[in-house]
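I have placed the structure first, in the form of structure tokens, so that the comments after it can refer back to it.
Every number in this text was worked out from the coordinates using simple rules, so none of it is lab data. Bear in mind the structure is a predicted one, so any value in this text is a computation, not a measurement. So basically every Cβ, Gly included, is an ideal-geometry build from the backbone, and we count neighbours across all protein chains shown.
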Amino acid sequence: MRNFYFLFFAQMVSLSGSVLNSVVSMFWVYSITGSLSGSILSGFFPVAVYFLISTFAAAMVERGSKKNYVLLGEAAQALVFLAFFVMAKYGIKNIYAVYALQGIVGLASAFFSPAMAAWEMEYIRDVYRKMAGKIHAAMAVLNLLFTLAGGLLAARVPFHYIFLYNAASFGAAFLIEVFIREPARGAPKAEVAGRTRLLSEMAEGFRYVIAEKPAVFSSILMLSMINMFFAPLANVMPVFVKAGLNLGPDAFSYAMIASMAGSMAAGFSVNKVGRLNISMLLLFCVVDAGLCFLMYFLTGLGALLLVMMVVGFIVSLMTIAVKIEVSTVKPEYYCKVQALSENISGLLVPVGIVIMSVLAGAGGVRTPFLFSGIALLAVAGLVRLLIFSGRFGRILAAQGSTASGGI
């Protein structure tokens with residue numbers, strides 16, 4: 001467990017830079033473009049690159065050293081933020097360079113995320129179900145503190161100094177992780193030793209989750225439809241705070257803190273809520289729609305904070321539940337199934353980001369929230385109709401009998 005705690009500490013060091021970046025980056029991009037749609041679209045590139053290659057990346061990670069891929073990810077992100085530092089310090093306003101660098105962040109994350117998750121899981125697999133909520137709550141607390149610091153700094157410190165800290169945080173995490181010993185691994189199976197087996201391994205993870213975790217698969221498909229219209233609103237939020245409420249980075253950090261508070265509450269509550277199923281996801285879908293309508297009409301910071309707290313709670317409940325279920329798969333499938341769950345649930349997020357950027361540019365920064373609310377109600381209605389249909393209902397019933405109906 002000692003190595004896990006060191007690794008967790010290193011992750012928190014790099015997380016401090018990631019959170020600061022999430023607070024200030026969109027405001028910096030908006031200062032470059034002066035465009036609502038251009039600023040929102042900047043979130044498209046890391047997400048699109050991540051989902052395009054993450055399944056391939058997870059299969060690569062599964063075959064190699066998790067530590068090496070984590071170190072590569074830390075180093076790549078440190079270099080990207082050094083480039084942002086240079087651009088911000090010397091006033092280089094090249095939005096296409098920003099898009100390209102964000103794409104590199106997505107590329108690094110595609111390898112870093114499954115590698116870090118698998119590396120941590122090697123230390124705590126047997127106790128993860130008990131620790132998941134506490135780990136999530138601890139990360140939420142740290143996120144809250146880093147976000148508060150980010151909001152205060154962003155209102156008082158030039159952007160380039162924050163980017164320099166981001167680079168330093170990833171570099172420091174790299175140095176800590178270099179000295180953490182990775183658990184010994186058994187020799188790889190002969191049939192997966194060559195590169196020609198890589199695509200077969202990716203398909204093997206897909207077949208495994210369908211055959212062994214059918215309820216998980218159907219619920220993740222439902223999540224992909226919810227995320228298409230709800231997740232991209234995270235890219236709209238900074239611009240909404242700036243252009244819709246006429247507030248600054250400090251107000252946006254308060255909104256993120258409220259979301260983190262809800263996330264922390266979810267971490268403490270997840271064991272009491274029970275396992276998610278399609279019916280519960282339908283309820284979340286309707287609640288998400290209601291939150292979108294509230295966002296469309298709200299005008300004050302106080303109302304925004306309340307809405308964001310509920311958003312953090314709901315999103316975190318779903319996230320923790322998926323992670324808990326994925327942690328139960330066979331170790332040799334972990335990276336592939338984790339990447340697959342992220343891929344399917346986030347499959348349509350890049351499309352959603354493009355839609356939101358077009359809507360914000362054409363109808364104003366509030367329009368994406370109205371559109372998402374209507375779309376989420378339509379998704380809930382469509383899924384409900386499918387459940388009532390005979391064939392789909394029988395499939396769900398069969399899945400419920402084999403997998404307790406939850407994720």
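With a simple spin-label model that places each label point 7 Å from the Cα along the Cα-to-Cβ direction, the separation between residue 86 and residue 384 comes to 5.5 nm.
For the pair residue 294 and residue 79, the difference between a 0.36 nm per residue extended length and the Cα-Cα distance amounts to 73.4 nm.
May I ask which of 130/242; 93/134; 272/330; 67/272 have a Cα-Cα span longer than 31 Å here?
Working: 130/242 40 Å; 93/134 42 Å; 272/330 26 Å; 67/272 34 Å.
Exceeds cut-off: 130/242; 93/134; 67/272.
Just to be sure I understand: with springs between alpha-carbon atoms less than 10 Å apart, which residue in 382, 317, 145 has the highest mean-square fluctuation in the Gaussian network model of the chain? Checking each option, the largest mean-square fluctuation is seen for 382.
Dividing the mean sequence gap of close Cα pairs (under 8 Å, 6+ apart) by how many residues the chain holds gives a relative contact order of 27 percent.
What's the ranking of 93-100, 36-43 by average number of surrounding C-beta atoms within 10 Å, highest first? Intermediate results must be reported in sequence, preceding the final value.
Values: 93-100: 13.8, 36-43: 23.8.
Result, highest mean first: 36-43, 93-100.
Estimated from the Cβ-Cβ distance and a Förster radius of 25 angstrom, the FRET efficiency linking residue 97 and residue 243 is about 0.60. Across the stretch 298-310, rounded Karplus estimates of 3J(HN,Hα) from the backbone phi angles (6.51 cos²θ - 1.76 cosθ + 1.60, θ = phi - 60°) give 5, 10, x, 5, x, 5, 4, 5, 5, 4, 5, 5, 5 Hz, Gly and Pro being marked x.
Do the sum for the chain: with -39,500 (n - 2.57) for every DSSP H run of n ≥ 4, divided by all residues, what is the mean residue ellipticity at 222 nm, to the nearest 500 deg cm²/dmol? Walk me through the intermediate numbers first.
Working: 17 runs with 332 residues, N = 407.
My calculation for the chain gives -28000 deg cm²/dmol from helical runs alone.
Using 0.36 nm per residue and subtracting the Cα-Cα separation, the extra length available between residue 303 and residue 65 on full extension is 81.0 nm.
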